[in-house]
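See structure below.
Values quoted throughout were computed directly from the atomic coordinates according to the rules given, and no laboratory measurement underlies them. What you see is a predicted model; the values in this text were computed from it and never measured. Here the Cβ positions follow ideal geometry from the backbone for every residue, glycine too, while neighbour counts run over all protein chains shown.
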Amino acid sequence: MDEAGFALERKRMVEEQIARRGIREPRLLAVMESLPRHLFVGEENLPWAYADGPLPIGHGQTISQPYIVALMTDMLHLAGTERVLEVGTGSGYQAAALGRMALEVHTVEIVPSLAERAGKLLVELGLDNVHVHTSDGSLGWPDAAPYDGILVAATAPRVPRPLLEQLQDGGRLALPVGSVSGYQALETWVRRGLEFDHEAGLPVAFVPLRGKHGWK
């Protein structure tokens, strides 16, 4: 498929998978329509690059369903002036969306080869405001804290305390919480001084968060 064909696929993806499910923020829809998701999937998965589901990227990891990428980005309420942390870089697709929605993004990946590949692609796309780090993402990235938004792209047994502590007052954290093989809920946490409001929403299925505050 040529670039024009991919552009048509992206337009259809946004209309049918994202906007139709209730996401209406114009800037986010424009970002999702412009991001070349086909560059983030392996060549063997090119025919399904804009399909309504996750795809494997190796090392037991996946690139998330486009709707989930848009939904979790929307949950952070980004205006373009924020510093954001992503836990679980994976392919770099979610980090790219955040990079086009926020002022600065730090993204942490525990698998070195995935971090390296994502970092190269993000540079090629001109996203110099996205900084890729190889580390235990369940510990966050304290060097750039506090964050206005934190997004975790893997399921945790419970919300990692270091991530809550790295939130700016009024900052928002979006993450799936639940068992690896059972029920997971997409949760939102908002910092209010020393307290945190939270609510559980959509049932989801994510790969496990690895690290000290993830699944062993």
**Request:** Rank the residues Glu25, Glu109 as a footprinting-exposure proxy: fewest other Cβ atoms within 10 Å of their Cβ go first.
**Result:** Glu25, Glu109
**Complete:** Among (i) 67, 41, 34; (ii) 51, 36, 34; (iii) 47, 45, 35, the entry matching Cα extents along the principal axes in Å as calculated here is (ii)
**Fill in**
Length gained, Lys120-Ala205, 0.36 nm per residue minus C-alpha separation, equals 27.8 nm
**Relative contact order (%) - the chain, alpha-carbon pairs under 8 angstrom, separation at least six** = 15
**Item:** Gain upon complete extension [Val190, Ser113; 0.36 nm per residue less C-alpha separation]
**Value:** 24.5 nm
**Item:** the range 1-129, Rg to Rh (Cα coordinates; Rh as Kirkwood inverse mean 1/r)
**Value:** 0.93
**Prompt:** Just from its helices, what would the mean residue ellipticity at 222 nm be for the chain, if runs of 4 or more DSSP H residues each count -39500 (n - 2.57) and the sum is divided by every residue, rounded to the nearest 500 deg cm²/dmol?
**Reply:** -7500 deg cm²/dmol
**Request:** For every other residue with a beta carbon closer than 12 angstrom to the beta carbon of Asp136, add +1 if it is Lys or Arg and -1 if Asp or Glu, then tell me the sum.
**Result:** +1
**Complete:** The exposure ranking of Lys216, Lys11, fewest beta-carbon neighbours within 10 Å first, is Lys216, Lys11
**Prompt:** Under a straight-distance cross-link criterion of Cα-Cα below 18 Å, which aspartates and glutamates are reachable from Lys11, leaving out those fewer than 8 residues away in the same chain?
**Reply:** Asp2, Glu3, Glu25, Glu33, Asp52
**Item:** Taking Phe196, Phe6 and counting other C-beta atoms within 10 Å, the order from fewest to most
**Value:** Phe196, Phe6
**Fill in**
So the FRET efficiency between Leu39 and Trp215, C-beta based with R0 = 22 Å and rounded to 0.05, is 0.15
